[in-house]
Amino acid sequence: MDPEKAALLNDHKKSLDWMMHSWVATPLVVSRARYTEDILLKVVHHGLDQYVILGAGIDTFPFRGSNILKKLKIFEIDHPATQAFKCNRLAELGWKLPPQLNFIPLDFTKDSLEIVLKNSSYVTQDLSFFSWLGVTYYLSRDVVFDTMQNITNIAPPGSSIIFDYFDTDAYVPEKASERVLKQIEFLSSQNEPLKTGFEPSKLGVELENIGLHLCENLSPSDIQKRYFQGRTDGLHAWEHAHIAWAVVN
Ligand SMILES: C[S@@+](CC[C@H](N)C(=O)[O-])C[C@H]1O[C@@H](n2cnc3c(N)ncnc32)[C@H](O)[C@@H]1O
């Protein structure tokens, strides 16, 4: 995030620790990743075959994780520009790509997830797990629900999707927390505007309409209790950010 400052610390552990505590998005990013991998570990014991990471960014899941997770066929699906950056960076670092990892470029606003997966080695009959972390914010409601509908079309019943989202209050300046307001303003100034939120109490019905059953819908206070309670380093769950786990009916 700040290579000059990190270089001054000249110790990998210290600079990582500094970065984790000074980057405003840390609690949001680590809690959604932790929740997803906790659930993934739970469901993998019931015969999971494929893990599709939508909007993977620089997630390093395929390079870590326990042996049981390394048996999964993994698809990283991301915007062509982000994915090209990541693949170049991996090559620069000389990281060996695991054989079960597949990269697929896609723009959610232009391409069909269903078509690109059907044209890949993804198997529509195999039980699958989708994560979609840090992405719904950037898309329209229609694109979000269309993409989820694509998932219900190509994943068998019992397949999971986990995604995070802002509630609609995040976009109302009088209701939003200061941290969320600042982040929305900052990303807008970077030409990466956040635009979409959902009403947590209505999400269950909206998902049911497209063939998904909402199993868990964590609120900021649920996330705080589960992952941040008792910490003394000032990290705490993001206001307005929720994490949902839904299963294909
Ligand atoms: C904030 S990053 C999240 C990365 C990672 N999943 C995480 O949890 O930290 C947002 C991701 O969404 C992807 N994204 C945003 N808009 C997209 C679009 N229209 N099509 C495909 N990917 C998109 C970006 O390429 C990026 O990887």
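Computed quantities for the displayed model
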quantity	calculated
Prolate/oblate/rounded label for segment 127-166 (Cα gyration tensor, a/c 1.5)	oblate
Cα gyration tensor category, rounded, prolate or oblate, for segment 23-248 with a/c compared to 1.5	rounded
Net charge contributed by nearby residues that have their C-beta within less than 14 Å of N153 (K/R +1, D/E -1)	-1
Max mean-square fluctuation residue, GNM over the chain, Cα-Cα springs under 10 Å, options R179, R64, R34	R64
Proximal charge balance of G47 [Cβ under 15 Å; K/R count +1, D/E count -1]	+1
Built amide H within the under 5 Å cut-off of L127, gap 5+	D49
Under Karplus coefficients 6.51, -1.76 and 1.60, residue-wise ³J(HN,Hα) of segment 221-232 in Hz, glycine/proline x	6, 4, 5, 4, 4, 6, 10, 10, 4, x, 6, 10
Nonlocal amide H pairs with F198, under 5 Å, H built at 1.01 Å	F166, D167, T168
Expected 222 nm ellipticity per residue - DSSP helices of 4 or more, -39500 (n - 2.57), all of the chain, to 500	-11500 deg cm²/dmol
Ranked list, fewest to most other Cβ atoms within 10 Å of each Cβ, for T147, T168, T232	T232, T168, T147
Residue-span extension gain [R231 to L9] - 0.36 nm each, minus C-alpha spacing	77.5 nm
Net dipole in debye of segment 1-150 [+1 Lys, Arg Cβ; -1 Asp, Glu Cβ; about Cα centre; nearest 20]	400
Segment 113-118 - phi-based ³J(HN,Hα) in whole Hz, Karplus 6.51/-1.76/1.60, Gly and Pro as x	4, 4, 5, 5, 6, 5
Alpha carbon centroid spacing (whole Å) that separates segment 169-212 from segment 100-114	23
Label-point separation in nm, V172 to N119, each point 7 Å along Cα→Cβ	4.3
Calculated FRET value between R34 and E185, using beta carbons and R₀ = 41 Å, to 0.05	0.90
Farthest positive-ward along the chain dipole, Cα basis, beta-carbon charges - from Y165, G94, A176	G94
Charge context of D11, other residues only, Cβ under 13 angstrom, K/R +1, D/E -1	+2
Karplus-derived HN-Hα couplings along segment 125-137 (A = 6.51, B = -1.76, C = 1.60, θ = phi - 60°), whole Hz, x at Gly and Pro	8, 8, 4, 10, 10, 10, 10, 9, 9, x, 10, 4, 3
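Rule-based calculations on the coordinates, nothing more; no lab input. The structure presented is a predicted model; accordingly, all values stated were derived computationally and were not measured. Heads up, the Cβs are rebuilt from the backbone with ideal geometry, glycines too, and the neighbour counts pull from every protein chain shown.
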